[in-house]
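Notes for the one structure printed next.
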Amino acid sequence: MSDFNSINFGLGALPLLSKAKTRSISAENPRGEVGGGGKETPDASSPASKLGKGWKARPCITLPKNSTTTLAEIEEPGIIQHIWITVEAKAYRDCVLRFFWDGENSPSVEVPLGDFFANGHGLRYNVNSLPVAVNPSGGFNSYWPMPFSKSCKITVENQRWEDIGGFFYQISYALCPVPENAAYFHAQWQRSLTNRQKPEHIILDRVSGQGHYVGTFLAWTQLANGWWGEGEIKFFIDKDKEYPTICGTGIEDYFGGAWSFGGNTYSTPFLGYPFKREEAGEVPKHCLYRWHLMDPVRFEKNLRVTIQALGWWPDGKFQPLSDDIASVGYWYQSEPHGKFPKLPAIEERWPR
């Protein structure tokens with residue numbers, strides 16, 4: 001078994017020795033250098049000023065307003081294994097994560113910070129799943145494996161009108177050869193206000209190349225009374241035109257629940273409905289995730305993914321809904337990838 005496989009195939013591979021080199025990037029070691037952690041010299045205002053060098057002198061950074069900060073820049077083949085981030089909730093929709101593989105000019109990941117970790121609407125709540133975990137209070141964790149053959153660059157852009165302090169992060173990775181058939185991780189954010197003539201939200205479109213779809217996150221703002229989740233998810237694979245190869249039977253069904261979730265929320269390893277808020281004076285909000293870890297949706301040439309917004313009329317017929325839906329689609333594919341749609345401006349990402 002190759003070193004790459006031995007660090008990625010779960011608990012069964014833990015006893016296997018490997019020549020992969022473990023590295024980690026944080027504010028205390030921003031380049032992941034060997035023996036490079038904890039070198040910051042504290043100034044008089046630092047909590048570590050009485051202890052000196054090596055004692056938590058630079059645990060976090062400030063994201064300057066209207067600027068992009070490079071979190072990681074790696075110039076060897078390897079794989080991102082774990083990402084941990086925490087910051088104030090005001091950064092969740094106003095800051096954008098981008099990942100670039102092998103020196104590409106356009107990002108393979110472009111998602112608002114909170115939504116990437118399945119925290120939608122700019123709000124904080126817990127998520128208990130395998131590839132994504134959000135723990136009290138606002139500890140974002142990603143375990144999506146992200147291999148790269150030559151290089152990796154991860155940035156965060158603060159599009160807010162003010163600096164954001166207290167940005168803590170840790171990016172753990174392994175340096176090792178990567179097999180030729182290893183696909184690259186991608187994630188894309190979309191938002192739309194569905195219309196009653198065609199109440200369809202596009203999760204992904206114009207995805208071209210060979211790959212497999214591995215996850216869906218939805219932040220759904222309900223703008224009508226009653227049940228909102230009768231719509232079907234559809235996967236248009238390769239030669240599909242008008243009709244999809246994979247067609248769901250309802251939103252609660254796709255996310256592993258049934259019968260309008262019985263009014264309950266839940267968070268499990270592969271799928272969940274971790275957040276529901278219905279409070280006086282605001283529109284109802286919902287968040288859902290579905291990870292295709294055991295059942296990836298494979299495509300050879302292209303992929304399109306949509307979901308419908310349907311409720312009920314009083315006469316028992318489906319009611320097309322005009323709802324506010326934001327989504328993240330997660331997938332792996334061979335490069336190069338198709339051009340992403342332009343990310344909406346900051347004011348177009350703010351929740352209702």
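The values are calculated or read from the model by the stated rules, or taken from the named source; none is laboratory data. Source: prediction; values computed, not measured. Methodologically, a virtual Cβ is constructed for each residue, glycine included, from the backbone with ideal geometry; neighbour enumeration extends over all protein chains shown.
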Name, by its number, the condition in (1) in a loop (DSSP other than H, G, I, E, B); (2) at pLDDT 95 or above; (3) over 27 Å from Trp101 (Cβ atoms) that does not hold for Trp220.
(1)
Looking only at segment 13-43, count every residue that is of a type in the set (A, V, I, L, M) and exposed (fewer than 14 other Cβ atoms within 10 Å of the Cβ) and tell me the total.
5
Scan segment 105-149 for residues that are touching a residue at least 60 places away in the same chain (Cβ under 8 Å), part of a strand (DSSP E or B) and surrounded by fewer than 17 Cβ atoms within 10 Å (Cβ to Cβ) and report the count.
1
Among the candidates Gly32, Gly38, single out the residue that is on the phi > 0 side of the Ramachandran plot, part of a loop (DSSP other than H, G, I, E, B), touching a residue at least 24 places away in the same chain (Cβ under 8 Å) and in contact with a strand residue (DSSP E or B) (Cβ under 8 Å, 6 or more places away or on another chain).
Gly32
Restricting attention to segment 339-352, and to residues there that are surrounded by 14 or more Cβ atoms within 10 Å (Cβ to Cβ) and over 17 Å from the mean Cα position of the chain (by Cα), which single residue is nearest to Asn158 (Cα to Cα)?
Ile346
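Please state which one of Leu303, Leu288, Leu343 is of a type in the set (A, V, I, L, M) and assigned to a loop (DSSP other than H, G, I, E, B). Walk me through how you get there before you give the answer.
Details: Leu303 fails: assigned to a loop (DSSP other than H, G, I, E, B); Leu288 fails: assigned to a loop (DSSP other than H, G, I, E, B).
Just a single option satisfies the conditions, and that option is Leu343.
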Pairs only if they're at least six apart or on different chains, beta carbon under 6 angstrom, first in segment 246-275 and under 18 Å from Asn126 (Cα atoms), second part of a strand (DSSP E or B) and of a type in the set (S, T, N, Q); list them, first residue then second.
Ser267/Asn128; Pro274/Ser267
